[in-house]
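I have placed the structure first, in the form of structure tokens, so that the comments after it can refer back to it.
The values are calculated or read from the model by the stated rules, or taken from the named source; none is laboratory data. Just so it is clear, the model here is predicted, and its values are computed rather than measured. Quick reminder, even Gly has a Cβ in these numbers, built from the backbone with ideal geometry, and neighbours come from all protein chains shown. With ligands, DNA and RNA removed, areas are computed over all heavy atoms of the protein, side chains included. Shrake-Rupley method; radii C 1.70, N 1.55, O 1.52, S 1.80 Å.
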Amino acid sequence: MTTTDWPYLDVHQSRTHEPTPYEFKLAATLEEVFTKDGHELADVVRGLNARQVHAPDGGPWTEESFRAEIHRLGA
Amino acid sequence: MTTTPTADHIYATGLRNQWHPVVPSHFVAPGAMRKVTVLGEQWLLFRRSDSTLSMLADRCPHRGAPLSLGKHLGDRVACWYHGVEVETDGTVSSVPGLPGCNLEGKKLVRSLPVREVAGAVLAYFGDEQHPEPAELTLPEPLTDPGIDAILCYAEWEGGWRYAVENLLDPMHGSFLHHESHTMFDGDTTAKFRIRETDRGYFFEKTDQRGVNFDWVELCRTGVDWVDLSIPYPASAGPGGPFGIVGMVCPVDENRTGVFFWRYRDVQGWERDSWRFLYKTLIEKRHWEVLEQDRVMLEAMPADADQHENLYQHDLGVVRLRRLYRAEAEAQAQGQAVSRNL
Ligand code: FES
Ligand SMILES: [Fe+2]
């Protein structure tokens with residue numbers, strides 16, 4: 001039987017793993033881009049590239065590569 | 001074991017004849033069992049390897065040992081004490097010590113109707129007069145495929161009603177959560193009104209919407225839940241405010257399980273961005289806000305509601321108590337009457 005530990009107080013219930021340094025950096029930069037540059041996909045791609053936060057292949061982001069990567073990370 | 005519950009007992013341990021959330025689904029893996037307390041009673045959640053879930057009274061029909069100490073046999077549980085085997089519908093399938101014993105084939109253990117919804121187990125707790133499950137209409141934010149919802153579950157010391165009252169008290173957002181990432185803004189004075197709906201009522205500010213925790217809807221649709229919306233800062237990206245569907249599990253008089261689904265109307269890359277930010281950064285901030293509620297509610301004295309001086313902002317709470325108190329009285333009355341027939 002599963003033991004019942006009371007109380008259950010778990011900060012992180014949606015994570016599947018501790019975020020990597022790359023994920024933390026991307027998340028923090030995304031928040032900054034959303035705050036300062038806007039909420040359109042074009043703003044996001046421009047904002048990330050302007051801040052030198054690179055796509056997984058090491059190059060600049062495109063709308064395509066951002067969509068694919070954020071889908072992998074946010075699924 | 002069968003005494004008629006008083007209205008006070010029902011009021012303290014949770015209303016009957018409706019659905020309640022129990023625990024998150026993942027608390028019971030395929031092939032596993034879990035002991036849970038709900039409405040002050042002991043239950044066993046039992047999941048077969050094909051994921052079918054059942055909920056049985058945690059009490060062996062032989063001499064009352066907890067079935068949760070027993071053995072999972074795939075499609076039944078064997079009591080540890082003398083080996084009596086009980087099927088998932090509560091039927092005794094075998095008495096190994098005395099084959100052919102007349103307990104065999106009898107449905108002697110109570111089993112509750114269960115449903116799994118958006119990552120949580122819901123169960124129907126009927127009294128003797130209402131064994132058939134009440135019609136259940138699920139919260140739209142949890143069934144709408146265009147809306148993304150993420151469950152947060154926590155266990156708090158304190159009675160269930162304080163947890164619901166906290167949700168029917170939007171004004172606490174501007175004070176208790178003033179330092180939070182979402183509720184720093186808006187007026188610290190407000191006028192509220194109650195607006196009736198066909199499933200409950202809104203308790204809402206008359207003069208501000210979309211700035212802080214400005215409104216809440218209590219919904220009674222077979223299960224009790226609240227819906228509310230809280231604005232996100234620009235950093236959370238596109239998609240506007242996030243909503244919360246809240247439900248409460250009355251564990252016993254002094255313990256409560258809280259279920260909060262944070263939901264947002266987002267699709268495509270916007271959804272993926274929110275989920276990514278949520279997991280990486282936002283979930284922790286939401287948690288800190290929830291901890292403020294827990295600290296406050298757990299510190300409330302047991303007799304807090306005996307020495308109050310309420311004002312206009314507490315109308316939502318007053319209305320809630322009246323509703324629940326009346327229902328507790330009616331349920332106790334109904335059971336007492338049927339016993340004396
Ligand atoms: S008490 Fe369970 S088998 Fe006897
Ligand atoms: Fe709160």
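Of everything in the stretch B:5-32, what is buried (at least 17 other Cβ atoms within 10 Å of the Cβ) and of a type in the set (S, T, Y)? Give them in sequence order.
Hits for the stretch B:5-32 are B:Y11, B:T13, B:S25.
I need the full set of residues from the stretch A:9-27 which are under 25 Å from A:D43 (Cβ atoms), within 7 Å of chain B (Cβ to nearest Cβ), open to solvent by less than 50 Å² (accessible area, probe 1.4 Å) and not acidic (D, E), in order please.
Across the stretch A:9-27, the qualifying residues are A:P19, A:A27.
Which count do you get for residues in the stretch B:182-207 that are of a type outside the set (A, V, I, L, M, F, W, C) and surrounded by 17 or more Cβ atoms within 10 Å (Cβ to Cβ)?
Of the residues in that region, 6 qualify.
Does at least one position in the stretch B:84-91 carry a residue that is part of a strand (DSSP E or B), open to solvent by less than 30 Å² (accessible area, probe 1.4 Å) and within 14 Å of chain A (Cβ to nearest Cβ)?
No.
For B:Y278, are the conditions met, namely being open to solvent by 10 Å² or more (accessible area, probe 1.4 Å), in contact (Cβ under 8 Å) with a residue 40 or more places away in the chain and of a type in the set (S, T, Y)?
no
Let me confirm something: among A:V33, A:V45, which residue is closer than 13 Å to B:P238 by Cα, open to solvent by less than 40 Å² (accessible area, probe 1.4 Å) and more than 8 Å from chain B (Cβ to nearest Cβ)?
Among A:V33, A:V45, only A:V33 is closer than 13 Å to B:P238 by Cα, open to solvent by less than 40 Å² (accessible area, probe 1.4 Å) and more than 8 Å from chain B (Cβ to nearest Cβ).
Could you look through the stretch B:100-135, keep only residues that are open to solvent by 90 Å² or more (accessible area, probe 1.4 Å) and either within 22 Å of the chain's Cα centre (by Cα) or at pLDDT below 95 (or both), and pick out the one that is farthest from B:V223 (Cα to Cα)?
So the residue we want is B:R110.
Suppose the filter is of a type outside the set (F, W, Y), more than 13 Å from ligand 2 (Cβ to nearest atom) and open to solvent by 30 Å² or more (accessible area, probe 1.4 Å); does B:G222 pass it?
Against the criterion (of a type outside the set (F, W, Y), more than 13 Å from ligand 2 (Cβ to nearest atom) and open to solvent by 30 Å² or more (accessible area, probe 1.4 Å)), B:G222 does not qualify.
When the stretch B:218-241 is examined, which residues are found to be touching a helix residue (DSSP H, G or I) at 6+ places or on another chain (Cβ under 7 Å) and outside any strand (DSSP E or B)?
Within the stretch B:218-241, B:A234, B:S235, B:A236, B:G237, B:P238, B:G239 qualify.
Identify all residues within the stretch B:63-81 that are open to solvent by 80 Å² or more (accessible area, probe 1.4 Å) and either within 16 Å of ligand 2 (Cβ to nearest atom) or part of a loop (DSSP other than H, G, I, E, B) (or both); write none if there are none.
Scanning the stretch B:63-81 gives B:R63, B:W80, B:Y81.
Matching residues to (1) in contact with a Pro (Cβ under 8 Å, 6 or more places away or on another chain); (2) of a type in the set (S, T, N, Q):
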residue	(1), (2)
B:E128	no, no
B:P139	no, no
B:T143	no, yes
B:E155	yes, no
B:A190	no, no
B:T197	no, yes
B:L218	no, no
B:D227	yes, no
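Give the residue that is most open to solvent (accessible area, probe 1.4 Å), with candidates limited to residues of the stretch B:42-57 that are touching an Asp or Glu at 6+ places or on another chain (Cβ under 8 Å) and either within 14 Å of chain A (Cβ to nearest Cβ) or under 20 Å from B:D127 (Cα atoms) (or both).
This residue is B:Q42.
Restricting to the stretch B:85-110, name every residue that is over 25 Å from B:L39 (Cβ atoms) and within 12 Å of ligand 1 (Cβ to nearest atom).
Those that are over 25 Å from B:L39 (Cβ atoms) and within 12 Å of ligand 1 (Cβ to nearest atom): B:E85, B:S94, B:V95, B:P96, B:G97, B:L98, B:C101, B:L103.
Residue check, B:I244 against (1) crowded, with 21+ Cβ neighbours inside 10 Å; (2) without any contact (Cβ under 8 Å) to a residue 40 or more places away in the chain; (3) in a helix (DSSP H, G or I), all met but one. Which one?
It fails just one condition, (3).
Give just the number: which of (1) exposed (fewer than 14 other Cβ atoms within 10 Å of the Cβ); (2) touching a helix residue (DSSP H, G or I) at 6+ places or on another chain (Cβ under 8 Å); (3) β-branched (V, I, T) does B:V295 not satisfy?
It fails just one condition, (2).
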